[in-house]
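The structure under discussion appears below in the form of structure tokens.
The values are calculated or read from the model by the stated rules, or taken from the named source; none is laboratory data. Note that the coordinates shown come from a computational prediction; the quantities given were computed from them, not determined experimentally. Ideal geometry is used to build each Cβ from the backbone, glycine not excepted, and the neighbour counts take in all protein chains shown.
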Ligand code: RIB
Ligand code: CA
């Protein structure tokens, strides 16, 4: 039985790769996309989500627009130097013909989870605002979701949005702290592992050579994204696989090594957005900030070669 999945997304080049990876995976049944600010403003994230589903011929999948701003204040703005002005590598795609549903993202998430207890996997691959709002709307989703697998955070490594913080968490630290404290089965697929998953130009050549329109779109949007990574990381070739790594976890958790730790999110000062697991301190010494916090399943290792083979295998011809 395919796992029912809602992807909360800020498309975003790597979001598009993750969504297409999920749509091409028979183990998964994507029942909805919910949109959020982050790589782009939420309106454009919504437009891009609609565009991606039209490219995939899956306009049967509903798109629900989410929050325009984080919980604690205005959105600081998009990152065109990473994902392009259009969030799709400046591919200048036509406007979508389809439209989002009227139901807001948080209400959609609540309705779907409560209607199918234990069946829905929630995959946030952007800031966690919609997820926190869904918990506020109906706290019982924590007991009724199958699992939450999110791309975000950095437990044991530096950030990418700042030296301290990973972009999705940095965009809404208050929401992230709520999500990591909700007592549900949540897995953090953070920079600790996604910075080990490097997709190279040889992989992109396979996307370009594939007859699959989804692969063709990826080949079209990735150059702008790759140029950012190669500017930001001298000597690097290609990109880090962020959002798709969360999809890969849902398909095959054995790709990852994990640890379970209580985890807090810094919301103050220059480390705002840093995810702090309670590592190394025995239970009797645990400071109040971490005491009585539920464990989070934190990914600390990954079989990068096998992950990339899984993802490229779903969208391209064998090498
Ligand atoms: O830090 C990487 C994350 O931030 C990814 O989800 C990427 O799409 C951006 O949203
Ligand atoms: Ca994203």
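Here are the numbers for this structure:
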{"read-out": "Members of the range 156-189 found to be outside any strand (DSSP E or B), over 19 Å from residue 268 (Cβ atoms) and more than 13 Å from ligand 2 (Cβ to nearest atom), listed by number", "value": "156, 157, 182, 183, 184, 185"}
{"read-out": "Single condition residue 249 does not satisfy, out of (1) away from ligand 1 (no atom under 16 Å from the Cβ); (2) farther than 17 Å from residue 159 by Cβ", "value": "(1)"}
{"read-out": "Residue match in the range 276-292 (condition: touching a helix residue (DSSP H, G or I) at 6+ places or on another chain (Cβ under 8 Å), touching a residue at least 60 places away in the same chain (Cβ under 8 Å) and surrounded by 14 or more Cβ atoms within 10 Å (Cβ to Cβ))", "value": "no"}
{"read-out": "Top-ranked residue of the range 190-201 - restricted to ones that are assigned to a loop (DSSP other than H, G, I, E, B) and within 16 Å of ligand 2 (Cβ to nearest atom), ranked as surrounded by the most Cβ atoms within 10 Å (Cβ to Cβ)", "value": "190"}
{"read-out": "Subset tally (residues that are under 26 Å from residue 75 (Cβ atoms) and either away from ligand 1 (no atom under 16 Å from the Cβ) or at pLDDT below 95 (or both)) for the range 25-42", "value": "2"}
{"read-out": "One residue from 106, 22, 16, 64 being within 13 Å of ligand 1 (Cβ to nearest atom), buried (at least 23 other Cβ atoms within 10 Å of the Cβ) and touching a residue at least 40 places away in the same chain (Cβ under 8 Å)", "value": "16"}
{"read-out": "Enumeration of residues in the range 262-275 that are free of Cβ contacts under 8 Å to residues at least 60 places away in the same chain and either surrounded by fewer than 16 Cβ atoms within 10 Å (Cβ to Cβ) or assigned to a loop (DSSP other than H, G, I, E, B) (or both)", "value": "268, 269"}
{"read-out": "Among (1) under 26 Å from residue 54 (Cα atoms); (2) assigned to a helix (DSSP H, G or I); (3) out of contact with any strand residue (DSSP E or B) (no Cβ under 7 Å at 6 or more places or on another chain); (4) touching a residue at least 24 places away in the same chain (Cβ under 8 Å), the one test that residue 111 misses", "value": "(4)"}
{"read-out": "Residue match in the range 33-43 (condition: surrounded by fewer than 22 Cβ atoms within 10 Å (Cβ to Cβ) and either on the phi > 0 side of the Ramachandran plot or assigned to a loop (DSSP other than H, G, I, E, B) (or both))", "value": "yes"}
{"read-out": "Whichever residue in the range 25-51 is without any contact (Cβ under 8 Å) to a residue 60 or more places away in the chain and out of contact with any strand residue (DSSP E or B) (no Cβ under 7 Å at 6 or more places or on another chain) and, among such residues, is farthest from residue 87 (Cα to Cα)", "value": "26"}
{"read-out": "Residue check, residue 57 surrounded by fewer than 24 Cβ atoms within 10 Å (Cβ to Cβ) and under 18 Å from residue 167 (Cα atoms)", "value": "no"}
